[in-house]
Amino acid sequence: MPVNPVKVGEQIHALRKAKGITQNELGERLNVAFQTVSKWERGETLPDTAILTDLANVLETTVDNILMGGERLTSYSRRVTIAEVAEGIACFERIGELLGRDSYFYLGAIEGCDRKMNIELEKYLADPFSREAMIAEAAVQLMMNGAYVDITDIKKSFRFEHWQNIVSKVAGERYGIK
């Protein structure tokens, strides 16, 4: 499937707007002029390959998502359930149980998450709503990386309707999962 500059531009525009970033701000973050961003969004030019990864990072998406104009490739890298995602999150606690909460492995994992995600992981794990927020975030990240999450599984697996709605919306609107 060839790259369609107009669809790429529309996708960049939609992602930028969703993040609340102006063309000027996006240009500054990428060290390009706002006119360059404007040309991308109008489909006149495509972003240089050297900048695509940075563009995807700023827009919190993948290069594939940008170049496909937001359309999802039909093949998925794997299928994952919300229960598996929840089990992955629970593994942090399990490390503490198995190796001890004073283990460098546990402390390193917790400190790494705290720093990278700007949270207090142990507090998030203890609060059911916050725990589901992490499961929702992990599910969205898996979809960003090509995983398929069944919409029915999403709707039945979250206790909190808030997270169910958010993950369902992302699955449908961003990744075409119905």
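Which residue, of L46, L107, is crowded, with 16+ Cβ neighbours inside 10 Å, of a type outside the set (K, R) and either out of contact with any His (no Cβ under 7 Å at 6 or more places or on another chain) or part of a loop (DSSP other than H, G, I, E, B) (or both)? Sole residue among the options that is crowded, with 16+ Cβ neighbours inside 10 Å, of a type outside the set (K, R) and either out of contact with any His (no Cβ under 7 Å at 6 or more places or on another chain) or part of a loop (DSSP other than H, G, I, E, B) (or both): L46.
The residues in the stretch 124-178 that are under 27 Å from A56 (Cβ atoms) and assigned to a loop (DSSP other than H, G, I, E, B) can be counted, and the count is 7. From the list S103, S157, the lone residue that is touching a residue at least 12 places away in the same chain (Cβ under 8 Å), hydroxyl-bearing (S, T, Y) and either under 24 Å from D54 (Cβ atoms) or out of contact with any Phe, Trp or Tyr (no Cβ under 7 Å at 6 or more places or on another chain) (or both) is S157.
The set of residues in the stretch 123-139 being surrounded by 15 or more Cβ atoms within 10 Å (Cβ to Cβ) and not small (G, A, S) consists of Y124, L125, R131, E132, M134, I135, E137.
Residues checked against (1) among the hydrophobic types (A, V, I, L, M, F, W, C); (2) under 22 Å from the mean Cα position of the chain (by Cα); (3) farther than 17 Å from V3 by Cα:
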position: R16; (1), (2), (3): no, yes, yes
position: G20; (1), (2), (3): no, yes, yes
position: L30; (1), (2), (3): yes, yes, yes
position: F34; (1), (2), (3): yes, no, yes
position: S38; (1), (2), (3): no, no, yes
position: P47; (1), (2), (3): no, yes, no
position: A50; (1), (2), (3): yes, yes, no
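Residue by residue through the stretch 4-35, note down the ones that are part of a loop (DSSP other than H, G, I, E, B) and either of a type in the set (V, I, T) or more than 13 Å from E60 (Cα to Cα) (or both). Within the stretch 4-35, N4, I21, T22, N31, V32, A33 qualify. Residues satisfying the criterion are absent from the stretch 67-88 (criterion: assigned to a helix (DSSP H, G or I), touching a residue at least 12 places away in the same chain (Cβ under 8 Å) and of a type in the set (D, E, K, R)). From the list D54, D64, pick out the single residue that is modelled with pLDDT under 90 and either among the polar types (S, T, N, Q) or surrounded by 13 or more Cβ atoms within 10 Å (Cβ to Cβ) (or both). Step by step, each of D54, D64 is checked, and only D64 is modelled with pLDDT under 90 and either among the polar types (S, T, N, Q) or surrounded by 13 or more Cβ atoms within 10 Å (Cβ to Cβ) (or both). On the given criteria, is R101 surrounded by fewer than 16 Cβ atoms within 10 Å (Cβ to Cβ), in the same structural domain as Y148 (by TED's automatic domain parsing) and outside any helix (DSSP H, G or I)? The answer is yes for R101.
The values are calculated or read from the model by the stated rules, or taken from the named source; none is laboratory data. Because the structure is predicted, anything quoted here is derived from the model rather than measured. FYI the Cβ positions are ideal-geometry reconstructions off the backbone, even for glycines, and counts take in every protein chain you see.
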